[in-house]
Amino acid sequence: MTQDQTQPSAALLSKISADLRPVTASPVPSRVALRMAPLAVAAALAILFSIGLRRDATTLGPLVTWGASLVLVALGAFVFVTAGTLAFGYLWRRDY
């Protein structure tokens, strides 16, 4: 008689259960982002001080100089979150 291939053997199950160890949970993504925020600010300031401001920053004013950058960062974050949601929704759906 052949063994039923849909169920793992008892020897395999005992080897697997002998090897199990507890794992630590991954940190919440928002906490990881908050921990990385000071590093990101320090990197941005280091670049700003090493390269300096644009030559026409006084002509453009702070709204255009910094506002456009903030809009691009917000747009990038929105696209990243939306693309991640769409990708995970596609990967985990069960109708294919």
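Give me the extension gain from residue 32 to residue 58: residue separation times 0.36 nm, minus the current Cα-Cα distance, reported in nm with one decimal.
Gain on stretching residue 32 to residue 58: 5.8 nm.
From the C-alpha coordinates alone, can you work out the Kirkwood hydrodynamic radius of segment 30-76, in Å?
Result for segment 30-76 stands at 12.3 Å.
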Label-to-label distance, nm, for residues given as residue 12 and residue 43 (7 Å Cα→Cβ offset): 4.4
In nm, spacing of pseudo-spin labels at residue 74 and residue 24 (7 Å Cα→C-beta vector): 3.6
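Laboratory data are not the source of any read-out in this text; all were calculated from the coordinates shown. Just so it is clear, the model here is predicted, and its values are computed rather than measured. All Cβ positions, even for glycine, are placed from backbone atoms using ideal geometry, and neighbour counts span all protein chains on display.
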